[in-house]
Amino acid sequence: MTTRTPNVQLSALVAESGLTYEALAKATCAVAAECGTRIRTNKSNVEHWLSGAVPRGDTPRFLAVALSRRLGRLLTPADLGLPSPAEAVNDTIGLSLGSDPMDALLPMWRYELDRRRFLTTSAYSVAAAALPLSYDVQDIAARTAAARTGHTVGMAEVAAVRDMIHAFSELDERHGGQHGRSALVTYLRDDVAPLCRARFRTDDVRRQMLSAASRGVHLLGWKSYDAGQQGLAQRYYLQSYALATESGLPGHDGFVMRTMAMQGLKLHRPEHCLGLAETGLSQAKGRVDAQTEALFRVVHAHTLAKSGKHRAGLAEADHARSLLAGASGDEVPFWALAWGPPAASVYSRAAKVHETVGDHRAAAELYAMAATVRPADTYARIVALDLVASAEMHLKRGSIEQACHAWHRAIDHMDGVRSVRTRKAVSRMRRDLARFRARGLRRVAELDERGRDFLASA
């Protein structure tokens, strides 16, 4: 009979966390669910692990994330005295800052193209979300200058990269994040990465090229987000932030922090969202045009509202909208156009502020405004999702007719879109309609049937 050796490292961390075995089991199951995996972990399992048993499959990673969130620092299975799954060569890849971001991105891209599951099923890390708040930006260029090789790059190459990233972005918005993802990874790896490590004609060319690369990596994070791969999206956002910081272009690093704050809010992980939004705004304020500043302010408004500061959140949202009024002629930076016209993003995020404070009528109107401002043929997915959000707000205020009208319009825009978020939105719609089907409302029955057909074809 084999005698197990108690896992002293895990026991110490569990004790430090203050979690009961049952609470730790539930937290581990919750992390697994976020990654699309269902596990049946209970108090008895935790007791077995502490006595030396090794959790099966990906459970060591889920357990490490659960304890990381509780303790506020990044832990790996090795820190818990546990082996990582065989394919998880490095559980922390992409979850750090401070070295050349390409050193993290190149192996990530290799794993993506090899279809290695551990990256696409990785969990969102609360500890890693705080990294930009304490990032030392001094001497970043000096640390990476030694890697410069190859031919000399000028603005023509920068323009080519921007054009390609713009094309990939339009494809993403029109057809969803699952279209062109491997092609984008290959382009960034084979074309953009060598350009980032080239020699540059001027320092401004270097800054613009790194900023363009950051935008491409940001888009890859967005594609991962759209596919429901939140841990992988976070890793790409962190490396996009590192590239933006290295570029030194005013506001670009803060814009990625803004995106990270938005992701945390969406995942109901608010621990660092207000700090990210405030820091991003402070880095951009007075250094960017009014429309771009409005993008920062409206996310700050949302984090304020989510923090319980409703009055301050509403005031900041109004400030963001007022900035749009006299800024129509401003030139918006390339990186700030990630989601199309700034006005649409401001209206959509302002709607979330009103939704947070319970003003569903105003939220419905603002979501509808956002959908109207974006060109529907180019931004099919996000127009559809704004209309879905508008429908949900109408439903919350008891207007089933207006909700059905908005939902029908939303599905009109979903044709040809491959997106986890649109499928989830239609599934959610059918659940919301369930209580109305028994009433025999023709409009509800037609919409429900349309939703069922959409999900079957998707």
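Here are the numbers for this structure:
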{"quantity": "Criterion (over 24 Å from CYS196 (Cβ atoms), modelled with pLDDT under 85 and of a type outside the set (D, E, K, R)) met by exactly one of THR76, THR59", "calculated": "THR76"}
{"quantity": "Residues of region 27-60 satisfying the condition of being charged (D, E, K, R) and surrounded by fewer than 16 Cβ atoms within 10 Å (Cβ to Cβ)", "calculated": "ARG38, ARG40, LYS43, GLU47, ARG56"}
{"quantity": "Lone qualifier among ASP91, ASP103, ASP139 - being modelled with pLDDT under 85, under 29 Å from ARG197 (Cα atoms) and surrounded by fewer than 17 Cβ atoms within 10 Å (Cβ to Cβ)", "calculated": "ASP139"}
{"quantity": "LEU63 of a type in the set (A, V, I, L, M), in contact with a Pro (Cβ under 8 Å, 6 or more places away or on another chain) and not assigned by TED's automatic domain parsing to the domain that holds GLY264", "calculated": "yes"}
{"quantity": "Conditions (1) under 21 Å from the mean Cα position of the chain (by Cα); (2) assigned to a loop (DSSP other than H, G, I, E, B); (3) buried (at least 18 other Cβ atoms within 10 Å of the Cβ); (4) at pLDDT 80 or above: number failed by SER96", "calculated": "(3)"}
{"quantity": "Test: residue in region 376-387 that is part of a loop (DSSP other than H, G, I, E, B), more than 23 Å from MET262 (Cβ to Cβ) and either touching a strand residue (DSSP E or B) at 6+ places or on another chain (Cβ under 7 Å) or of a type in the set (Asp, Glu) (or both)", "calculated": "yes"}
{"quantity": "Which numbered condition LEU395 fails, given (1) modelled with pLDDT of 95 or more; (2) under 26 Å from the mean Cα position of the chain (by Cα)", "calculated": "(2)"}
{"quantity": "Residue among LEU265, LEU274 that is surrounded by fewer than 24 Cβ atoms within 10 Å (Cβ to Cβ), touching a Cys at 6+ places or on another chain (Cβ under 6 Å), part of a helix (DSSP H, G or I) and not assigned by TED's automatic domain parsing to the domain that holds GLU34", "calculated": "LEU265"}
{"quantity": "Leading residue by the ranking (nearest to THR120 (Cα to Cα)) among those in region 21-38 that are out of contact with any Ser or Thr (no Cβ under 6 Å at 6 or more places or on another chain), part of a loop (DSSP other than H, G, I, E, B) and not basic (Lys, Arg)", "calculated": "GLY36"}
{"quantity": "Qualifying residue in region 321-333 (condition: closer than 30 Å to THR120 by Cβ and in a helix (DSSP H, G or I))", "calculated": "no"}
{"quantity": "Test: residue in region 160-177 that is on the phi > 0 side of the Ramachandran plot, modelled with pLDDT under 95 and small (Gly, Ala, Ser)", "calculated": "yes"}
{"quantity": "Residue check, ALA438 without any contact (Cβ under 8 Å) to a residue 60 or more places away in the chain and either farther than 30 Å from SER169 by Cα or over 26 Å from the mean Cα position of the chain (by Cα) (or both)", "calculated": "yes"}
{"quantity": "Extreme residue, surrounded by the fewest Cβ atoms within 10 Å (Cβ to Cβ), among residues of region 406-423 that are of a type in the set (D, E, K, R) and within 12 Å of PHE454 (Cβ to Cβ)", "calculated": "ASP415"}
{"quantity": "Test: LEU295 is under 16 Å from VAL332 (Cα atoms) and modelled with pLDDT of 95 or more", "calculated": "yes"}
{"quantity": "Any chance ARG287 is surrounded by fewer than 24 Cβ atoms within 10 Å (Cβ to Cβ), on the phi < 0 side of the Ramachandran plot and not in a loop (DSSP other than H, G, I, E, B)", "calculated": "no"}
{"quantity": "Test for ALA456: is it more than 25 Å from ALA370 (Cα to Cα), of a type in the set (A, V, I, L, M) and modelled with pLDDT under 90", "calculated": "no"}
{"quantity": "Residue check, THR149 among the β-branched types (Val, Ile, Thr), touching a Lys or Arg at 6+ places or on another chain (Cβ under 8 Å) and at pLDDT below 80", "calculated": "yes"}
{"quantity": "Identity of the residue in region 404-424, out of contact with any Lys or Arg (no Cβ under 9 Å at 6 or more places or on another chain) and either in a helix (DSSP H, G or I) or of a type in the set (Ser, Thr, Tyr) (or both), that ends up nearest to SER457 (Cα to Cα)", "calculated": "ARG423"}
{"quantity": "Residues of region 8-20 classified as assigned to a loop (DSSP other than H, G, I, E, B) and either of a type outside the set (Ser, Thr, Tyr) or in contact (Cβ under 8 Å) with a residue 24 or more places away in the chain (or both), total", "calculated": "2"}
{"quantity": "Residue list for region 46-68, filter: over 32 Å from the mean Cα position of the chain (by Cα) and not in a loop (DSSP other than H, G, I, E, B)", "calculated": "GLU47, HIS48, TRP49, LEU50"}
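For (1) in a helix (DSSP H, G or I); (2) touching an Asp or Glu at 6+ places or on another chain (Cβ under 8 Å), each residue gets a yes or a no:
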| site | (1), (2) |
| --- | --- |
| GLU278 | yes, no |
| HIS302 | yes, no |
| ALA305 | yes, no |
| ASP318 | yes, no |
| ALA336 | yes, no |
| GLY340 | no, yes |
| SER348 | yes, yes |
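Per-residue answers, yes or no, for (1) buried (at least 19 other Cβ atoms within 10 Å of the Cβ); (2) closer than 14 Å to LEU324 by Cα:
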| position | (1), (2) |
| --- | --- |
| ALA344 | yes, yes |
| SER348 | yes, yes |
| VAL353 | yes, no |
| THR356 | yes, no |
| HIS360 | yes, no |
| TYR367 | yes, no |
| PRO375 | no, no |
| THR378 | no, no |
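The values are calculated or read from the model by the stated rules, or taken from the named source; none is laboratory data. Keep in mind that what you see is a predicted model, and the values were worked out from it rather than measured. Don't worry about glycine lacking a Cβ; one is built from the backbone with ideal geometry, like all the others, and counts go over all protein chains shown.
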